[in-house]
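Engineer: Mind looking over this structure? Questions follow.
The values are calculated or read from the model by the stated rules, or taken from the named source; none is laboratory data. Quick caveat, the model's predicted, so the values are computed rather than measured. Don't worry about glycine lacking a Cβ; one is built from the backbone with ideal geometry, like all the others, and counts go over all protein chains shown. Areas reflect the complete protein model, heavy atoms only, side chains present, ligands, DNA and RNA absent. Shrake-Rupley method; radii C 1.70, N 1.55, O 1.52, S 1.80 Å.
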Amino acid sequence: QQDLANQLSVYNGDTLRGLLIAQKIPGLIITENVLKATTQKVYPEENIISVMKENHYGMTYQQIQEKIWYIPLDEIKHTLVTTPEIVNVDAETYFYAPNFPASPTELQHLKMCMKSELETKGYLVAQDIANIIHEKCHTIAINTADYKDWAYRNILKYIFRDDFEFSG
């Protein structure tokens, strides 16, 4: 983005689109929202997932779009909601669930605590999961102090997908 601005005085998408159309580059398709080389396959979801994997915190739409400004926001949103390992953790904020800050040993301990509570109570709600973490899994609690109850549920729904049934 900075190189385009400095070297070609291109400051926005409309200017870039006009410049590319004027060049009449063969093998390039330009529409209102898409610039695509016909000789190559484009997989924007790979870029989006890669950005999410690199970050160990929740990211808002704006933060994601700042990193991958060349992908339309609608495509980013679609990929976020259709990729199982990317979960909603706050308003318009998403997180790559495998990056949950817990070791395999800590996750095993958490799983055992959840199973024990399930045997006692018969069910768990998001607040129960948060309580278990804060009362019995102190290291996880410290590393996730600002997580909402439903963020834990959504993350663990992916992590423990083979161990528990998470449903409404």
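Engineer: Check whether at least one residue in segment 80-102 is closer than 15 Å to I48 by Cβ, of a type in the set (S, T, Y), in contact with a Ser or Thr (Cβ under 7 Å, 6 or more places away or on another chain) and in contact (Cβ under 8 Å) with a residue 12 or more places away in the chain, and report yes or no.
Structural biologist: Yes: one or more hits.
Engineer: Find the residue count for segment 134-168, including only residues that are under 26 Å from L80 (Cα atoms), surrounded by 13 or more Cβ atoms within 10 Å (Cβ to Cβ) and not charged (D, E, K, R).
Structural biologist: Counting residues in segment 134-168 that are under 26 Å from L80 (Cα atoms), surrounded by 13 or more Cβ atoms within 10 Å (Cβ to Cβ) and not charged (D, E, K, R) gives 16.
Engineer: Another question, then. With the checklist (1) under 12 Å from the mean Cα position of the chain (by Cα); (2) among the hydrophobic types (A, V, I, L, M, F, W, C); (3) not in a helix (DSSP H, G or I) in hand, flag the one item I71 doesn't pass.
Structural biologist: Unmet for I71, out of (1) under 12 Å from the mean Cα position of the chain (by Cα); (2) among the hydrophobic types (A, V, I, L, M, F, W, C); (3) not in a helix (DSSP H, G or I): (1).
Engineer: Also: Among what's in segment 54-77 and is touching an Asp or Glu at 6+ places or on another chain (Cβ under 9 Å) and open to solvent by 100 Å² or more (accessible area, probe 1.4 Å), pick the residue that is modelled with the lowest pLDDT.
Structural biologist: K67
For (1) of a type outside the set (K, R); (2) within 26 Å of W150 (Cβ to Cβ), each residue gets a yes or a no:
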residue: R17; (1), (2): no, no
residue: K36; (1), (2): no, no
residue: I71; (1), (2): yes, no
residue: D74; (1), (2): yes, yes
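Engineer: Select, from L110, L124, the only residue that is without any contact (Cβ under 8 Å) to a residue 12 or more places away in the chain and surrounded by 17 or more Cβ atoms within 10 Å (Cβ to Cβ).
Structural biologist: Going through L110, L124 in turn, the sole match is L124.
Engineer: Of the residues L35, L8, which is modelled with pLDDT of 75 or more and not β-branched (V, I, T)?
Structural biologist: That would be L8, the only listed residue that is modelled with pLDDT of 75 or more and not β-branched (V, I, T).
Engineer: Restricting attention to segment 11-32, and to residues there that are out of contact with any helix residue (DSSP H, G or I) (no Cβ under 8 Å at 6 or more places or on another chain) and part of a loop (DSSP other than H, G, I, E, B), which single residue is modelled with the highest pLDDT?
Structural biologist: N12
Engineer: Okay, next question. Looking at segment 62-77, can you tell me whether even one residue there is within 22 Å of L156 (Cβ to Cβ) and of a type in the set (A, V, I, L, M, F, W, C)?
Structural biologist: No, every residue in segment 62-77 fails to be within 22 Å of L156 (Cβ to Cβ) and of a type in the set (A, V, I, L, M, F, W, C).
Engineer: If you check every pair at least six apart or on different chains, which have Cβ atoms under 8 Å apart with a residue in segment 54-76 that is free of Cβ contacts under 8 Å to residues at least 12 places away in the same chain first and a residue that is open to solvent by less than 40 Å² (accessible area, probe 1.4 Å) and in a helix (DSSP H, G or I) second?
Structural biologist: As it stands, the answer is Q65/I76, since those pairs meet every condition given.
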